[in-house]
Amino acid sequence: MQVEVETLTIELSTVPFDNRPVFITGNFCKWLPDLEEYRMEIVSPGNYRFQFPEDMELPYPIEYKYTRGGWNQVELDRAGRPYGNRIIKAGETLVHDNVIRWQTDISAKTDHSPIVETVSEAFEIAQFSRTRRVRVLLPHEYYENPDQRYPVLYMTDGQNLFGEGSEYGNWEIDKSLTALAKEHKAGVIIVAVDHGEEDRVQELSPYDNAKLGKGYGAKFLQFIAGPLKTHIDTKYRTKTDRLNTGIGGSSVGGLLSIYAALMFPQTFGKFMVFSPALWISEKIYFDAVHFFEPFETRIYLYAGGKEGAHMIPNVTKLQETLETQSFGYSRVKIKSSVDAKGEHEERQWNKEFPLAFEWLFFE
């Protein structure tokens, strides 16, 4: 029967790295697979929308499919078979669909580089009444294995981690992950949270300091362990338990990461601690004595010999304190790395990242 509707909108989510156009086809257009008037609008990478004209009479129930421009480029199901006809009943005005795979699937990545997606340009941090850009680096095969779940590593100073980096340098973790993927050792989702520019030290430091002012690191961790983790676990296929959840950073971000081991052991089980700014407060050692929980844990500590006279002694003291507290608990593993020529810079952490990453998640 013919039913006149006011409007019908269809939204589609699919793999974000395929640049071919998406068309909707069905019993409303004689199943022609590539009509320009049924080409979907790109909303953002991997997200599309199509709205039928308000005055168009649609044949309910509507039967339809998605194509990339021909019947040799039709949507597929999880098993790689042609997807059955989709159905829309009369009265529906907004439909959300998802396509995992495509026939003649040039969307399958041919390289091993991670897939970079922006979670939000302005993710709200209620604890600070501020917003922050959050991005993810997904394993290169993420969309090819729709049933697989992945561990997660949260990292601070997102501006400095990959891509073009920042004025301060670049860890180039995307390049490290590409190399590790060739050895099947990159199957982790990395969540990169930008720092707060001039507020960076205060936001990441878990301690007050006479020169630096009040530290809001505990609140920053509440944000990561709470709203951000909840969002990531909902949006992506993650392994949500603490043993598959890590946090890492350098300098004051390294201090924040070791603080997370002490105060948030129920959330995090793996810690990448590079060049931690332990000088900010001696209280870190007190907290290590009184709050370290001997859960199954992995901590990777790195220090460079050219980061000041106190860096290596401080990290050594921290390691000894943690090892004393976990004495007799074999499930707590701490690995230290020292480079006598290492400086306090992104280039150095770039070299250390793949070593720490592999030890934390793949040994």
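Take the range 49-94 and flag every residue that is exposed (fewer than 12 other Cβ atoms within 10 Å of the Cβ), of a type in the set (D, E, K, R) and farther than 14 Å from Asn27 by Cβ.
Glu54, Asp55, Arg78, Arg81
Quick check, is Phe286 in the same structural domain as His184 (by TED's automatic domain parsing), in a helix (DSSP H, G or I) and under 22 Å from Gly246 (Cβ atoms)?
no
Residue under question is Val191, and the condition is that it be surrounded by 15 or more Cβ atoms within 10 Å (Cβ to Cβ), touching a residue at least 12 places away in the same chain (Cβ under 8 Å), among the β-branched types (Val, Ile, Thr) and not in a helix (DSSP H, G or I); does it hold? Lay out the reasoning, then the answer.
On the way: surrounded by 15 or more Cβ atoms within 10 Å (Cβ to Cβ): yes; touching a residue at least 12 places away in the same chain (Cβ under 8 Å): yes; among the β-branched types (Val, Ile, Thr): yes; not in a helix (DSSP H, G or I): yes.
When the stated conditions are applied, Val191 passes them.
Filter the range 63-96 for residues that are in a strand (DSSP E or B), of a type in the set (D, E, K, R) and closer than 26 Å to Phe17 by Cβ and give the result. Walk me through it before giving the result.
Step one: of the range 63-96, the residues in a strand (DSSP E or B) are 63-67, 74-76, 82, 86-88, 94-96.
Next, only the ones that are of a type in the set (D, E, K, R) stay: 63, 65, 75, 86.
Matches in the range 63-96: Lys65, Glu75, Arg86.
Please determine whether any residue of the range 59-72 is at pLDDT 90 or above, polar (S, T, N, Q) and in contact with a helix residue (DSSP H, G or I) (Cβ under 6 Å, 6 or more places away or on another chain).
yes
Can you tell me which residue among Thr230, Thr178 is without any contact (Cβ under 8 Å) to a residue 12 or more places away in the chain and more than 17 Å from Pro276 (Cβ to Cβ)? Step through it out loud before you land on a result.
Details: Thr178 fails: without any contact (Cβ under 8 Å) to a residue 12 or more places away in the chain.
It is Thr230.
Name the residues in the range 3-62 that are under 18 Å from Glu117 (Cα atoms) and in a strand (DSSP E or B), would you?
Result: Leu12, Ser13, Ile42, Val43, Ser44, Asn47, Tyr48.
Does Asp147 satisfy the condition of being of a type in the set (D, E, K, R) and touching a His at 6+ places or on another chain (Cβ under 8 Å)?
On the way: of a type in the set (D, E, K, R): yes; touching a His at 6+ places or on another chain (Cβ under 8 Å): no.
No.
In the range 271-320, what count of residues is obtained for those that are within 20 Å of Ala218 (Cβ to Cβ), touching a residue at least 60 places away in the same chain (Cβ under 8 Å) and of a type in the set (S, T, N, Q)?
1
Take the range 151-170 and flag every residue that is within 24 Å of Glu363 (Cβ to Cβ), without any contact (Cβ under 8 Å) to a residue 60 or more places away in the chain and not aromatic (Phe, Trp, Tyr).
The first filter runs over the range 151-170 and keeps only residues within 24 Å of Glu363 (Cβ to Cβ), leaving 151-156, 161-162.
Filter once more, so that each one left must be without any contact (Cβ under 8 Å) to a residue 60 or more places away in the chain: 161-162.
Within the range 151-170, just Leu161 meets the criteria.
Which numbered condition in (1) free of Cβ contacts under 8 Å to residues at least 24 places away in the same chain; (2) of a type outside the set (A, V, I, L, M, F, W, C); (3) within 25 Å of Tyr143 (Cα to Cα) is the only one that Gly70 fails?
With respect to (1) free of Cβ contacts under 8 Å to residues at least 24 places away in the same chain; (2) of a type outside the set (A, V, I, L, M, F, W, C); (3) within 25 Å of Tyr143 (Cα to Cα), Gly70 is out only on (1).
Kindly list the number of the only condition in (1) surrounded by 15 or more Cβ atoms within 10 Å (Cβ to Cβ); (2) modelled with pLDDT under 90 that fails for Arg20.
The failed condition is (1).
Kindly provide the set of residues from the range 194-218 that are more than 30 Å from His112 (Cα to Cα), acidic (Asp, Glu) and not in a helix (DSSP H, G or I), ordered by number.
Of the range 194-218, the ones more than 30 Å from His112 (Cα to Cα) are 196-218.
Within this subset, residues satisfying the condition of being acidic (Asp, Glu) are 197-199, 203, 208.
Listed by number, the list holds a single entry, Asp208.
For the range 144-185, name all the residues that are of a type in the set (A, V, I, L, M) and either under 19 Å from Ile232 (Cα atoms) or surrounded by 15 or more Cβ atoms within 10 Å (Cβ to Cβ) (or both). Outline the logic, then answer.
Looking only at the range 144-185, we keep the residues that are of a type in the set (A, V, I, L, M), and these are 152-153, 155, 161, 173, 177, 179-181.
Selection gives Val152, Leu153, Met155, Leu161, Ile173, Leu177, Leu180, Ala181.
Name the residue that is surrounded by the fewest Cβ atoms within 10 Å (Cβ to Cβ), counting only residues in the range 323-363 that are modelled with pLDDT of 90 or more and within 15 Å of Ala288 (Cβ to Cβ).
Taking the candidates together, the pick is Ser336.
Residue-by-condition table, conditions (1) surrounded by fewer than 18 Cβ atoms within 10 Å (Cβ to Cβ); (2) in contact with a helix residue (DSSP H, G or I) (Cβ under 9 Å, 6 or more places away or on another chain); (3) part of a helix (DSSP H, G or I); (4) not β-branched (Val, Ile, Thr):
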residue: Phe220; (1), (2), (3), (4): no, yes, yes, yes
residue: Thr230; (1), (2), (3), (4): yes, no, yes, no
residue: Thr234; (1), (2), (3), (4): yes, no, yes, no
residue: Gly246; (1), (2), (3), (4): no, yes, no, yes
residue: Thr267; (1), (2), (3), (4): no, yes, no, no
residue: Phe271; (1), (2), (3), (4): no, yes, no, yes
residue: Gly308; (1), (2), (3), (4): yes, yes, no, yes
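Identify all residues within the range 247-286 that are under 16 Å from Glu345 (Cβ atoms) and of a type in the set (Val, Ile, Thr); write none if there are none.
Within the range 247-286, the subset under 16 Å from Glu345 (Cβ atoms) is 249-254, 274-277.
The one that is under 16 Å from Glu345 (Cβ atoms) and of a type in the set (Val, Ile, Thr): Val252.
Which of the following residues is acidic (Asp, Glu), under 30 Å from Val15 (Cα atoms) and within 14 Å of the chain's Cα centre (by Cα): Asp241, Asp233? Steps first, answer last, please.
Working: Asp241 fails: within 14 Å of the chain's Cα centre (by Cα).
That would be Asp233, the only listed residue that is acidic (Asp, Glu), under 30 Å from Val15 (Cα atoms) and within 14 Å of the chain's Cα centre (by Cα).
The values are calculated or read from the model by the stated rules, or taken from the named source; none is laboratory data. Note that this is a predicted model, so its numbers are computed, not measured. For neighbour counting, all protein chains shown are included, and Cβ atoms are generated from backbone atoms with ideal geometry for every residue, glycine included.
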